1. Sorted by accessible area with a 1.4 angstrom probe, largest first, how do Arg197, Arg187 fall?
2. Quickly work out the Ser30-to-Met194 label distance, labels modelled 7 Å from Cα along the C-beta direction, and quote it in nm with one decimal.
3. Asp186 accessible area, nearest 10 Å², 1.4 Å probe?
4. Work out, step by step, the length gained on full extension between His125 and Ala226: first 0.36 nm times the residue separation, then minus their alpha carbon distance; give nm to one decimal.
5. As an exercise, use a Förster radius of 35 Å and the Cβ-Cβ distance of Asp180 and Thr117 to find the FRET efficiency, rounded to the nearest 0.05.
6. Count neighbours as other Cβ atoms within 10 Å of each site's Cβ, and list the GluC sites (Glu not before Pro) in region 192-244 that are DSSP loop with at most 11 such neighbours.
7. Got a sec? What order do Glu58, Glu246, Glu18, Glu140 fall in by accessible area at 1.4 Å, biggest, i.e. largest, first?
8. Just read off the accessible area of Val66 with the full protein assembly in place, 1.4 Å probe, to the nearest 10 Å².
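The values are calculated or read from the model by the stated rules, or taken from the named source; none is laboratory data. All values derive from a computational prediction rather than experimental measurement. A quick note on method: Cβ atoms are made from the backbone with ideal geometry, for glycine too, and the neighbour counts reach across all protein chains shown. Heavy atoms of the whole protein, side chains included, go into the accessibility calculation; ligands, DNA and RNA do not. Shrake-Rupley method; radii C 1.70, N 1.55, O 1.52, S 1.80 Å.
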Amino acid sequence: MVRRANTASGLFAVLGLEPAQELAYRHLLSVGSASVGQLAAAMEVDQPVAAAWLARLENLGLVLPVDGTAGFAAVDPRSALRALTDGHTMHLNRLREHIPELATVFEDARRGSDAPTLTRLVSGHSDIADWYGRLGHEVEGEFLAFDRPPYVVTPTDSLEDLAISRGVVWRSVYGAASFDLPGRLDRVRRDIAMGERARVTATVPVKLAIIDRRLALVSLNLSEEAPEALVTASPPLVEALCLMFESYWEGAQPLRQWRSEGAPEPRPASGRSRGDRDPTAEERELLALLTAEVKDDVIARELGISVRTLGRRLRDLMDALGATSRFRAGAEAARRGWI
């Protein structure tokens with residue numbers, strides 16, 4: 001007797017299958033084929049219920065009736081599920097093409113007017129979050145962002161991961177206060193590993209998101225209670241915001257992915273002394289955070305070390321640079337091209 005699975009994964013919900021129907025499919029995979037009566041007995045349901053499940057699975061192409069018998073056999077999932085997922089992807093891509101059209105209908109209804117506008121005021125957490133989500137879904141090639149608290153949209157949002165996976169170039173400039181949020185630096189590291197290009201500076205003036213240099217969302221205030229923002233497709237205004245972003249980008253310090261565990265330390269180039277070695281990835285990140293005036297206790301917390309341990313690492317870094325103060329360390333690091 002073949003024992004059927006007693007739990008469903010929930011992954012088949014995207015196909016419209018209920019957990020019990022998924023279990024029926026998994027049972028058929030395990031036994032190869034079964035009649036309505038055999039499936040009903042195995043699943044402990046009435047035969048009409050089992051028949052309805054088989055009809056649903058057959059409609060999806062997951063099972064087929066066996067010629068000359070009353071049984072149904074499971075189709076090889078490597079072909080059946082691939083065809084289904086490819087079909088869903090095609091339909092989702094077609095739906096994506098209609099997002100701008102649907103968004104226009106949505107905005108016209110909220111605005112109460114059919115008159116088009118290049119610039120509009122949005123207020124409140126919900127409306128601003130809606131627009132941020134829209135930018136994340138609509139971006140095709142480039143996303144530029146200033147990151148600073150307070151946050152209207154949670155910074156752990158998955159929009160960035162999805163956009164980068166589609167080939168979008170995502171660049172962010174973080175203000176030092178961004179890392180006051182516990183776990184934020186670790187999240188940014190993961191984003192960098194995914195492909196984000198990140199830099200940090202002492203502060204950024206506004207919260208900003210620009211997609212494809214054609215549409216921008218910029219904060220008008222930094223109120224947690226009543227946030228307001230401007231959405232604009234005005235070419236001159238978007239261009240001005242892009243220039244502001246690039247100015248801060250050039251002056252900010254790069255954040256890079258740390259050296260993986262067990263990877264060798266960089267060696268000095270030929271003809272260079274040990275004192276002129278390249279910095280480690282950890283040293284680069286420490287210098288970037290220090291130059292951006294991120295607080296010591298925040299850096300220590302995000303690195304998972306004590307403030308005392310951080311102090312020892314900073315002293316080691318200053319010794320490597322031959323500096324007696326943080327200011328001189330920064331100047332020497334800049335001279336050597338470490339930052």
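1. The ranking, largest first, comes out as Arg197, Arg187.
2. It works out to 3.6 nm between the two label points.
3. 70 Å²
4. 35.6 nm
5. Working from the Cβ atoms, E equals 0.45.
6. Glu224, Glu225
7. Working: Glu58 75, Glu246 45, Glu18 110, Glu140 145 Å².
Of Glu58, Glu246, Glu18, Glu140, the descending order of accessible area is Glu140, Glu18, Glu58, Glu246.
8. 50 Å²
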